[in-house]
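Read through the structure below, which is laid out as structure tokens, and then see the notes.
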Amino acid sequence: MQALDKALAQVGRVVLGKEEQLKLALACMLARGHLLIEDLPGMGKTTLAHALARVFQLDYRRVQFTSDMLPADILGVSVFDPETRQFSLREGPVFTQLLLADEINRATPKTQSALLEAMEERQVTLDGSTRPLPEPFFVVATQNPVDQAGTFVLPESQLDRFLMRISLGYPSPEVELDLLAGGDLREQVRELKAVINGEGLVKLGRMVETIRATRELLDYVQRLLEATREDDRFVAGLSPRAGLGLLRAARAWALIGGRDYVLPEDVQAVWPAVAEHRLTARQGGSVAAMTQSLLQSVPVVRRA
Amino acid sequence: MARIYQLPTHTRLWLTLAMLLCSLPQLFRGPLWQSGLLVLVVVIRMLVDRQRIGLPGRTARTALLLITVALTFYSFGRLYGPDAGVALLVSLFALKYLEVVKLRDAYVLMVLGYFVCATSLLFYQGILMFFYVLACITLLTACLVGINHSDTSARAPQHLRTAAVMLMQAVPLMVVLFILVPRVAPLWNMQIGSGQVKTGMSDTLSPGEVSSLSRSSEVAFRVAFEGDVPPMAQRYWRGLTLSTFDGRTWRQGLPAGMSAQDYLVGANQTPPHWFSVLKKAALQDALHYQYRVVMEPSHRRWLYAMAVPFVTDPDLRMARDFRLVADSQVDQRLGYQVTSVPSATGAMTLTPQERQLMLTLPASVGPRARSLAMQWRRDADSDSVVVQTALHYFHNEPFYYTLNPPRLEQDSIDDFLFRSRRGFCEHFASSFTFLMRAAGIPARVVAGYQGGQLNPVDGHLVVRQYDAHAWSEVWLDGRGWVRVDPTAAVAPQRIESGLQAALDAQGNTASNLGLDFSGFSGASWFGQIKIWMDYVDFRWQTWVLDYDTGRQLAFLSRIFVSVTPMKIALALLVCLGLPLLLILGWMLWRRERHPLSQEEKEFNRLFRLVERRGLTLAPGTTPRQLAEAISDRWPKAATQALHWRQRYERLMYSALPGDKKKQLYHLRRLRNRLYKLLY
Amino acid sequence: MPGPLKRLYRRWLARRLPPARQIVLSQKRVFIFPTGYGFLYLLVAALLFVGGINYENNLILSLSFLLASLFMVAILHTFMNFSGLGLRNGTSESGFSGGSGALQVILFADQRTHHSVRLSWPGQSAQQVHVIKGEECAVWLNLSLPHRGRIAAPRIRVESRYPLGLLCAWSYVTLDHYCLAWPRPVASDHCPADGGEHQHSVASSGQGGNEEFQGLREYTPGDSLRKVDWKGYARGRGLYTKVFAEPAGGRLWLRWSLVEGLPEEQRLSVLCYWTLALDKEQAPYGLELPGLTLAPDSGDVHRWRVLDALACYPEFD
């Protein structure tokens, strides 16, 4: 998959030292899922989203969420046109191919859920008329870590709508040095070359569906899901939807790896990004560590 | 963990039913007050269960127990012995039922129930009884299921179903055990007599005795032949020989000076000379009949068989007069195997004492008969001519064969021979023997049965009481004891086709004589049922009740050529273990809906190997990680590990079509190579 | 059993039946042995055998064989009834140390119905349950809490004698389950808290006006009812909780470092006492322990979280 490698290389030029996360983001897009990036401000979330849009030649809009934002501000409103004497829909920023929803947890729950519903259904219903969103349609939402004041935490049910959650984290010292030495990032992003267009991306997304997963692999995925349900450290286990997402993400990962079949490694690679944000710990503690420990404890191949 | 246990309500019905049904057969036998006791107990219990009254206290129950013991003593005169013991057991069973409160009580009740069932089998051994007991056991098992089912919402029929299923599964095992478990000799001797007097032959013969037997159609014994079945006219079932006569009654008699030991030969004693001779003669003769007799209880010691009967059963003895005698009374059905050699009679000798006994006549009886016999003696030149003359006499003179002979006056011989001339077999046998002795020919009366009816289902012979018969045997020099049946001279139909035919021929019908010839008459459905019932009854006896060490060996040697304890143990193990294993296997198979595939096993094997070699791996290790771990630890195995991994991933996850077997074979080879490299 | 043997037995059991969150009683874990009544029953069968031999009565012999066969069939049935039963952790009911807590054990039956299963552990009377196929059934087992901390579930004996009571199938199950024992509250005059306007008997109830209203968020169970936007609820907006930005001075922090000069357990007990006291006053309070900080809040859920943290100290997960 030369195109994908190229795309990765392109984005890697501006988001330095985060190959793993880039691959995950890419896989998320290929699996037609939405991405949630959780990080402190200034970690390059915006840059990543912007770069992805450039590389795939996607319509790109960025919305900074605030607490006084209303659903109409994102979806659009029906306005009365005095000339035509008719109501017409003024599309909101959601009608784009790649939407960067910055600091989504600053918005009120109502606004959040309006966006999330649109994400799920890939269409917007306003005043009784339904409009499909463009194809492809991705949302990259960013969120400040929960502890920050003045935020509305996304409820679990909404988090399920994001296929993956990643966090970029601080760059390594070397990368940071490069970063400091480099020029204006925005400028660089603008200089990125497109690799595929939106249509190509849709085709790739279809290819993901054809990646083979054997019975044994499906078994493994099922065992992982089962393990989250049986593990009483979590409030609740993963939903079947999460399971489908996991499999789709693993397929996309396999595609990026240049294979037409899924290996357990693919599942393991996307597992934290897919599972962590959907699970809540019962008694505090690091969900990340618990999710990771499941990978250790769930046998890949069935035992006697 | 002490719990207060309450007998679940859903089990009460089964408990009551089990108690009643288990006791029922004994109630028929036991005294009447026992039925009263049972009814009383059930009523009290019912009232208690409905909480109308409280459970009778300890005092009341003890009083009830004492009364029961007293009544038992009153009824039987003792508290031990089979009858009193069983009555006491049944009463205790009922009283225990009354006071069942705790789980322990219920178990004790069950145990008593098993014993009560066993005692029923002690007294009744019919096939119906056995199935009845099976039903009782099912009920008892249902009770066990019930008392262990603490869920108050359980339904009573459910217990019965569970119990029935379990019994169904247990019955095949039971059959296997029954066939294979070796029968041990009794540890101590026990005999149980039901003490009921039945119709049957007595040990004496006087006029009118056999004819009264003829009014009964009860089965005397049954015979299953192996091989040839003798014709009707040859089926003389000898029971007794009667050699002393007092003018009216014939009795058994021992010749003077002969010890009982010399007279009776058992299997485990050194045989006297006459027996060895007899045995030798028997071995030379080809004509012999092999058969098994199953005798109904007669409460006598003598058995029935055709002459000359040889047996192997250690409990049976053969007498010098070709009879079989059991060591103890036949109080239960008894089966025995006989080989009869008719011609062996000629090998027997007659001692002077025997001759003396066989010629003895009471002094003042039958003067006219004596003179008639003397005259025959004078006219004839040999003993056999005398015999022929006598038979002619019976045939030619107007003698009648009848079931209702007129009463005989003082001298039974002369009165019969010269006046009434109407008689039954005992009259003919008695007077014929008298005549022979008077003519100087040693003779004796033989009592037994003659004929019998074949069951069409499997051809076994049923001999009934109305087949009772008496005939004579005379000693002819050179020929030994020869059977002579004077009845045949008068009414040949009796011998050829049985009593019914004989009476018909004489102008009597069974019905106006008040006789019951309910043998296998007619082809009506009722007749058919009787035939089949007789068949089942007989087979039950021969296959189940008589299944002893001998039959077991015979049966088993048909399966295994030679029977050794080892083989029996093995067969037991296989028969019991195999179903157990099958069921267990089935259960395991059910648990694991899809067992591990070969591919999965392949991975597990390598995984375990690596762990054994000292590398700890998380359960979640992928094939790739496994291969990497191997190359890290054992660099020289790196290439093999890589190959293994590639093959494995392709096989397991690529879902590419291909020869799985071949792939697996390669995998196994790679793994075997890894085995050697991982050190 | 002598001491060393008992220890060996325990170790063997622990190896053979390792603790797990969920255990399905497979044939590896199930032991089976005749009960006292089972032996009595076998004795009856043996007596009948002797009787059958002595009376040379094949039917009585058959009866004894039937009883023996039934016993063998019962082995299978007892085993079948018992095996396949699953047990897993349910929730737990924490309690103060010295008191008692409870653990919930959930029994589930995937393959068949399990009749008359008894669960018991030392110092606890047995409980009898029926687990119907495809259903679950929860059992609470009491547990005395002798000291603060995590009290691990003791070994549970699970047994069943169904259907005939002649055999007992049993297994020991050690669930990887624990009950939290909170410290026993010990009264102390000095409130180990700072940040509040007064050191103790603080009444920061959300009505003092010293807090700044920030907005609403969806009600989640456990929020203090005093903070629910009842007016909005009355207008049909649904349940929302008012979020206040509290001035730093209004928040109380219970701090480990403020309870000085006492042994560890004592410290926790004091903190526990004040947790309960502050909770009674509906005051928001936070907790700071070495290795764990819980932001100030109030309400039942918060109280539980604080108590659980005190119970878990010094290892939080």
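Annotations for the structure displayed:
- Counting only helices (runs of 4 or more DSSP H) that sit completely within segment B:30-100, those holding 3 or more residues that are over 22 Å from B:Gly113 (Cβ atoms) and either free of Cβ contacts under 8 Å to residues at least 60 places away in the same chain or basic (Lys, Arg) (or both) correspond to B:58-76.
- Near pairs, Cβ below 7 angstrom, 6+ apart or cross-chain, from segment B:362-378 (touching a residue at least 12 places away in the same chain (Cβ under 8 Å) and aromatic (Phe, Trp, Tyr)) to any residue that is part of a helix (DSSP H, G or I) and open to solvent by less than 80 Å² (accessible area, probe 1.4 Å): B:Trp376/B:Val386; B:Trp376/B:Thr389; B:Trp376/B:Ala390
- Counting only strands (runs of 3 or more DSSP E) that fall entirely inside segment C:165-260 and contain at least 1 residues that are modelled with pLDDT of 80 or more and closer than 28 Å to C:Leu292 by Cβ, the qualifying elements are C:178-182, C:252-255.
- Within segment A:210-226, considering residues that are within 20 Å of B:Pro657 (Cβ to Cβ) and open to solvent by 80 Å² or more (accessible area, probe 1.4 Å), the one nearest to the other protein chains (Cβ to nearest Cβ): A:Arg215
- Check on B:Tyr132, at the interface with chain C (Cβ under 10 Å from one of its Cβ atoms) and among the hydroxyl-bearing types (Ser, Thr, Tyr): no
- Boolean, A:Gly200 is in the same structural domain as A:Asp160 (by TED's automatic domain parsing), assigned to a helix (DSSP H, G or I) and either open to solvent by less than 20 Å² (accessible area, probe 1.4 Å) or among the hydroxyl-bearing types (Ser, Thr, Tyr) (or both): yes
- Hey, C:Ala46 open to solvent by 30 Å² or more (accessible area, probe 1.4 Å), more than 11 Å from chain B (Cβ to nearest Cβ), within 17 Å of the chain's Cα centre (by Cα) and aliphatic (A, V, I, L, M) or not: no
- Residue check for C:Arg118: crowded, with 18+ Cβ neighbours inside 10 Å, at pLDDT 85 or above, charged (D, E, K, R) and under 30 Å from C:Leu262 (Cβ atoms): no
- Residues of segment A:268-298 classified as open to solvent by less than 30 Å² (accessible area, probe 1.4 Å), within 20 Å of A:Asp39 (Cα to Cα) and touching a Pro at 6+ places or on another chain (Cβ under 8 Å), total: 1
- Pick from segment C:78-92, criterion under 15 Å from C:Glu135 (Cα atoms), within 14 Å of chain A (Cβ to nearest Cβ) and open to solvent by less than 40 Å² (accessible area, probe 1.4 Å), ranking: farthest from the chain's Cα centre (by Cα): C:Gly86
- For C:Arg21, the stated conditions hold: it is among the charged types (D, E, K, R), more than 10 Å from chain B (Cβ to nearest Cβ) and either touching a strand residue (DSSP E or B) at 6+ places or on another chain (Cβ under 9 Å) or crowded, with 21+ Cβ neighbours inside 10 Å (or both).
- Scope segment B:601-628; condition touching a residue at least 12 places away in the same chain (Cβ under 8 Å), in a helix (DSSP H, G or I) and surrounded by 17 or more Cβ atoms within 10 Å (Cβ to Cβ); matching residues: B:Glu602, B:Phe603, B:Leu606, B:Phe607, B:Val610, B:Pro623, B:Arg624, B:Leu626, B:Ala627
- Where C:Arg10 falls short, out of the listed (1) in contact with a helix residue (DSSP H, G or I) (Cβ under 9 Å, 6 or more places away or on another chain); (2) more than 7 Å from chain B (Cβ to nearest Cβ): (1)
- Of the strands (runs of 3 or more DSSP E) lying entirely inside segment C:120-160, those containing at least 1 residues that are within 14 Å of chain B (Cβ to nearest Cβ) and over 14 Å from the mean Cα position of the chain (by Cα) span C:127-131, C:136-144, C:156-160.
- Across segment A:9-63, the qualifying residues are those that are among the polar types (S, T, N, Q) and more than 28 Å from A:Arg241 (Cβ to Cβ), and the one among them that is most open to solvent (accessible area, probe 1.4 Å) is A:Gln57.
- Any chance B:Asp331 is assigned to a loop (DSSP other than H, G, I, E, B), within 24 Å of B:Asp537 (Cβ to Cβ), open to solvent by 20 Å² or more (accessible area, probe 1.4 Å) and in contact with a Ser or Thr (Cβ under 9 Å, 6 or more places away or on another chain): yes
- Residues that are among the polar types (S, T, N, Q) and facing another protein chain (nearest Cβ under 10 Å) are absent from segment C:93-110.
- Residue within segment A:69-77 that is touching a helix residue (DSSP H, G or I) at 6+ places or on another chain (Cβ under 7 Å), under 23 Å from A:Ala269 (Cα atoms), of a type outside the set (Ser, Thr, Tyr) and touching a residue at least 24 places away in the same chain (Cβ under 8 Å) present: no
- The residue list B:Tyr449, B:Tyr400 contains one member that is more than 15 Å from B:Arg248 (Cβ to Cβ) and open to solvent by less than 40 Å² (accessible area, probe 1.4 Å), which is B:Tyr449.
- Condition check for B:Ser120 on (1) touching a helix residue (DSSP H, G or I) at 6+ places or on another chain (Cβ under 6 Å); (2) over 22 Å from C:Asn54 (Cβ atoms); (3) within 10 Å of chain C (Cβ to nearest Cβ); (4) in a helix (DSSP H, G or I): one failure, at (2).
- Just one of the listed residues (A:Arg233, A:Arg241, A:Arg303, A:Arg229) is open to solvent by 40 Å² or more (accessible area, probe 1.4 Å), away from chain B (no Cβ under 13 Å) and in contact with a helix residue (DSSP H, G or I) (Cβ under 7 Å, 6 or more places away or on another chain), namely A:Arg233.
- C:Leu70 vs. criteria within 10 Å of chain B (Cβ to nearest Cβ) and in contact with a Gly (Cβ under 8 Å, 6 or more places away or on another chain): no
- Scanning segment B:54-72 for residues that are surrounded by 13 or more Cβ atoms within 10 Å (Cβ to Cβ) and among the β-branched types (Val, Ile, Thr) yields B:Ile67, B:Thr68, B:Val69, B:Thr72.
The values are calculated or read from the model by the stated rules, or taken from the named source; none is laboratory data. Fair warning: this is a prediction, and the values are worked out from it, not measured in the lab. Using ideal geometry, Cβ is built from the backbone for each residue, glycine included, and neighbour counts are taken over all protein chains shown. Surface accessibility is based on the protein's heavy atoms, side chains included, excluding ligands, DNA and RNA. Shrake-Rupley method; radii C 1.70, N 1.55, O 1.52, S 1.80 Å.
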